[in-house]
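The values are calculated or read from the model by the stated rules, or taken from the named source; none is laboratory data. Predicted model only: the values in this text are computed from it and were never measured. Here the Cβ positions follow ideal geometry from the backbone for every residue, glycine too, while neighbour counts run over all protein chains shown.
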Amino acid sequence: MRRTDAILCGLSVLALFLLLACGREYDVRPSGTGTDRTSVIFPNYQDVTIPCNIAPLNFYYTDPAGARYATTFTAGSVSFTVKGREVVWKDRNWRRLLEAAAGNDIEVVSAWREGDIPVSFRWKIHVSPDNIDPYLTYRLIEPGFEVWDDLEIIERHLESFETRAISDWRNTGNRCMNCHIHAQGRGDLSMFYLRGEGGGAILNRDGKLRKLTLKDSLMISPTVYGEIHPDGRFGVFSTNIIVPAMHSAGGRRMEVFDTASDLCVADFDANKMLIFPETARKETFETFPVFSADGQSVYYCTAQARQLPAEVELMRYSLVRIPFDAETGTLGGPADTVWSAAAHGGSACHPKASPDGRWLLFTVAAYGTFPINHRECNLFMLDLRTGEPVSLDLVNDDKSDTYHSWSSDSKWFVFASKRGDGMFGKPYFSHIAEDGTVTRPFLLPQKDPHYYDKMLRSFNVPDLGNAPVRFDAREIGRILKEVPAEQFE
Amino acid sequence: MSRKTRRTLGIILAVAALAAGGSQLAFLARYPYFRKYAAQNGISLSEARKAWGHPDKLSEVAMGLAVEAANENWQAVAALAAEDRQAEVGTYYYNLANAMQGQLPDKLMDYYQPFERGLFLPVGSHSTPFIIACAGDVWFELGYMPLAERDAMLGMLFSPAHTGSRYLRRLAETNLVTGDFEAASKYLRILLNSPGDREWAAERFPDAWSPEYRQRIMEKRALLPRIDLVHGMDQAPLILRVMLGSNPSNKMALDYLLCYDLLTKDLDAFVGDFDPSLTRSRLYEEAMLIFLASKGGMTEDNFSHYHISPQTIAQFNRFVTIYKQDGGSGRNLSAEFGKSYWYYFYFAAKNEKN
């Protein structure tokens, strides 16, 4: 063989190898009924309603036998066809399509071949003229049974695929950190916890960061769940003795319950913790406190104390409201029942009032106070103007739907759902109209349509913000190391 | 640069490359399980060295045990554990390999036993990632999927890459056993896109199950508890009793429970859990004799009921005689009785760190 032939032969083998190596598509099996990919496309964006400022909806076709896919999107006079199993948008084209469709529908035609047989179907994406708050924070955590490693809290720009860590394990010595929450969707008023020695509650108020030890000698634990008052001076929190446990059967995996829980108020100006008799009784548990939109009340969940864990399945929390004096930080009493556990045969968790005061969104599980492992856990909404429930039939699915938050204009909400695999929480968004019509939710779009196939962490407590928070993971690391925690008494 | 210098430089580089390659080959030959365990954790050899440091003989054996147990190659596990290195993880796999061959009680006292930690590795804030990665193997083999799944998830969580076929395979299988194919799908899809796991994953799709694999899943499924009980994270005896409540014929679970009772020296619990019609062993005979002697129950009826042989009774009497003669000292007992439960019961002391 001549030398040139040998070189050509070698190059051909190399080219073939590279072709085989690079040309291998992501194997989409298993899919179909009984799997975590039941829909023809994933994420399933059929008939969802999206805001007109959302990042491109990239997706893929789940049928492993399909080939020669072509997807045509049309809005008004704008039309694009994307070829291939993976539908990945060029940002400029997606923006043009969204602009053309704002307030209307995007008509979609999906076409492919099953062997020699052509297949096609039509579907729609509804584009709301309402923007969504452009920032979403969430904690990325493996569903790890109350332990952690390499935690990070991410802020995602919803109009693009950009993310940044606002706190992470690298800058905090791999410590536990709890989820970041905005007050009424505001980027300049938010907080989260850094646990462990030297940690504390990180309060972001008007862009100024403080590290707080929200505990005094009368409290049964440091603060756990809570929210910041719309004025920013107070925070309302629960203190909980939390016990993790396991189920031996029934696929329910982990059960987490409280053996005690009370409420308290933190005065961020006076560095004081305030405790009140109505919400610090041993015979009742109180948890998940949040402020009403006007800041005049506190919603929370409450249940009678029981023998635990033996009676854990009898622990059902009602949703109640108690007056709050925003001048003094005082919780009044008695509490009014907003949603009765006994009447509904369920247990309420995580109430969240919309910033306009119109809606109250919470989750209902069969029992207990830790719904993320309860498949039956669904979102529930009340119209606070009428006290009537709002239908969320299009929103809820067969796995845990919980950990929701509102956009600052009260037109969108986000929640974490374990639909599909049942193990990993993913953020879904729904729109609510003035008449209470709630739309089919859509999954947070990702640049790589197979992102969720590979993801082995949960999106924990997704929380919407109207502006980016003015700090990052490095700043949090500096505060952890250099700033002493302010003591509360 | 002159031609001669270039040539010399080339030779030096070639020799260095050969030496490096040779060193790498020697390393792989010396520590094959280090490489395999790294592969199970989805990391390269250099990443493994960075994460776990340079292996030694002890860690190589420990990783070998973990690798072979994940592949359910119990003969290899038994061979690796044959030398008693007085290490918890060694005992854990020694016991597990014996249990898989129906010999847990028969061989229990032949080996270092760090009390109950040789049966169930502790998963807690002081546990190493390696211990956590291994802890679920026993639960999977016993048929208790909640903890098998939890430990696989925790093993993955604390692994260097937060993934790895070791954990993903276990997570897929625990969910196949419980019938949660929606959850299993997630892990199978990831494995399907990993060249080393593709074939394994494809064979786990329910419509691709071989008769042998279907039987394996059905056998494991039959062991699942049917009673739901909310329990703590470290309540092994309670879990085993719940399992046995649903499946009294789960002999492996019964032997683990009885051995747990005996290693913790809880003879009252042992007698409560022991049903001589379901399992037999010289170990259980020895334990029953201590109990019967302390309760005034040394009768023929009891010996017959608990299948205690005349030879065991005679040896027990000899043990007691020497024990009394020496005023409770074990100095003249260890040679003859060092591998008896009597010797363990009277002389084994729990290490402070336990």
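Values for this structure:
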quantity	calculated
Residue match in segment B:205-220 (condition: touching a residue at least 40 places away in the same chain (Cβ under 8 Å) and more than 8 Å from chain A (Cβ to nearest Cβ))	yes
Among (1) outside any helix (DSSP H, G or I); (2) more than 22 Å from A:ARG253 (Cβ to Cβ), the one test that B:GLY124 misses	(2)
Contacts under 9 angstrom Cβ, first residue in segment B:256-279 being basic (Lys, Arg), partner in a loop (DSSP other than H, G, I, E, B), 6 or more apart	B:LYS265/B:ALA348
Residue satisfying all of: in segment A:379-416; among the polar types (S, T, N, Q) and out of contact with any helix residue (DSSP H, G or I) (no Cβ under 8 Å at 6 or more places or on another chain); nearest to the other protein chains (Cβ to nearest Cβ) among these	A:ASN396
Residues satisfying the stated conditions in segment B:245-263, i.e. surrounded by fewer than 20 Cβ atoms within 10 Å (Cβ to Cβ) and more than 25 Å from B:PHE303 (Cβ to Cβ)	B:GLY245, B:SER246, B:ASN247, B:SER249
Where B:GLY296 falls short, out of the listed (1) at positive phi; (2) under 19 Å from the mean Cα position of the chain (by Cα)	(2)
Filtered residues of segment B:306-333 (kept if free of Cβ contacts under 8 Å to residues at least 12 places away in the same chain, surrounded by 11 or more Cβ atoms within 10 Å (Cβ to Cβ) and within 34 Å of the chain's Cα centre (by Cα))	B:SER329, B:ASN332
Any chance B:LEU333 is at pLDDT 95 or above and farther than 29 Å from B:GLU141 by Cβ	yes
Segment B:274-305 - residue that is among the acidic types (Asp, Glu) and out of contact with any Phe, Trp or Tyr (no Cβ under 9 Å at 6 or more places or on another chain) and, of those, surrounded by the most Cβ atoms within 10 Å (Cβ to Cβ)	B:ASP275
Failed criterion for B:GLU47 (all others in (1) farther than 16 Å from B:THR163 by Cα; (2) assigned by TED's automatic domain parsing to the domain that holds B:ASN71; (3) more than 25 Å from the chain's Cα centre (by Cα) hold)	(1)
Boolean, A:ARG419 is within 14 Å of another protein chain (Cβ to nearest Cβ) and either within 20 Å of A:PRO51 (Cα to Cα) or part of a loop (DSSP other than H, G, I, E, B) (or both)	yes
Identity of the residue in segment B:139-148, of a type outside the set (Gly, Ala, Ser) and assigned to a helix (DSSP H, G or I), that ends up nearest to the other protein chains (Cβ to nearest Cβ)	B:PRO146
Condition met for B:GLY155 (surrounded by 24 or more Cβ atoms within 10 Å (Cβ to Cβ) and over 13 Å from the mean Cα position of the chain (by Cα))	yes
Strands (runs of 3 or more DSSP E) (entirely within segment A:258-357) containing at least 1 residues that are closer than 17 Å to A:MET219 by Cα	A:272-274, A:284-291
Residues located in segment A:32-67, provided they are surrounded by 20 or more Cβ atoms within 10 Å (Cβ to Cβ), free of Cβ contacts under 8 Å to residues at least 60 places away in the same chain and either within 14 Å of another protein chain (Cβ to nearest Cβ) or of a type in the set (Asp, Glu) (or both)	A:THR35, A:THR62
Subset of segment B:81-92 (residues that are more than 20 Å from B:LYS350 (Cα to Cα) and surrounded by 24 or more Cβ atoms within 10 Å (Cβ to Cβ))	B:ALA81
Residue in segment B:253-268 that is over 22 Å from the mean Cα position of the chain (by Cα) and more than 29 Å from B:SER125 (Cα to Cα) present	yes
Residue tally, condition surrounded by fewer than 22 Cβ atoms within 10 Å (Cβ to Cβ) and more than 13 Å from chain A (Cβ to nearest Cβ), over segment B:117-127	3
Selection count, segment B:178-203, where residues are more than 7 Å from chain A (Cβ to nearest Cβ) and either surrounded by 24 or more Cβ atoms within 10 Å (Cβ to Cβ) or of a type in the set (Asp, Glu) (or both)	6
Check on A:ASP356, closer than 22 Å to A:VAL414 by Cβ and of a type in the set (Asp, Glu)	yes
Positions within segment A:236-259 being crowded, with 17+ Cβ neighbours inside 10 Å, out of contact with any Cys (no Cβ under 9 Å at 6 or more places or on another chain) and away from chain B (no Cβ under 14 Å), in sequence order	A:ASN240
